[in-house]
Amino acid sequence: TVTASATNTVQSNLKKSFFAIPFNTSQNIPFTIGGLFPLSVNGTASTVGVQLAEAFKCSINFVNNNQGVIRNITLLYSIQNSDLNQNDAFNQALLLERRGVFAVVGPQSDVQVVPVANLYNTANTPLVSYGAGSFNLGNSTI
């Protein structure tokens, strides 16, 4: 089993092979990473949320442009607006899940992460929050 114990990472009891990205594959394989960022807050554009999303996109592009990091793998991204709202984050997480994302980065707050973590835990999708910090997130039974 794989158990993530770092801060802001939700634990999960998943088979290690689930997370395996093929190594030394001869064909280019795409993997989509989802992102849940507060692009707006109560309908008003959020500069911080847009900056977080841009940093996420830059990170994906960095990996894609450096073949020494992951060979023959192309990372794609799908970004959704979490709007710092629990219901919006969950609904956007559902959209990402329906798109078949490989893993998800976000959402930001503890209130948003718990229901989203429950969704992704049942779907065996890794979730890493860049902002949540509750000790409860280390518990795989949340």
- [ ] Give me the Debye-computed log₁₀ of I(q)/I(0) at q = 0.15, 0.17 Å⁻¹ for the range 55-112, equal point scatterers on Cα only, no solvent, two decimals.
- [x] -0.52, -0.63
Task: Integer Hz, Karplus 6.51/-1.76/1.60 couplings in order for the range 116-123, x for Gly and Pro - done: 5, 4, 4, 4, 6, 5, 6, 8
Task: Note, ³J(HN,Hα) from phi for the range 61-77, Karplus 6.51, -1.76, 1.60, rounded to Hz, x at Gly and Pro - done: 5, 4, 4, 5, 8, 10, 4, x, 7, 9, 7, 6, 10, 10, 8, 10, 9
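How much length would be gained if the chain were fully extended between THR74 and VAL50, taking 0.36 nm per residue of separation minus their Cα-Cα distance, in nm to one decimal?
Residue separation times 0.36 nm, minus the Cα-Cα distance, leaves 6.3 nm.
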Task: Heavy-atom accessible area order for LEU39, LEU127, largest first, 1.4 Å probe - done: LEU39, LEU127
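The values are calculated or read from the model by the stated rules, or taken from the named source; none is laboratory data. These figures come from a predicted structure and were not determined experimentally. When the accessible area is computed, the model is the full protein with side chains, heavy atoms only, and any ligands, DNA or RNA have been set aside. Shrake-Rupley method; radii C 1.70, N 1.55, O 1.52, S 1.80 Å.
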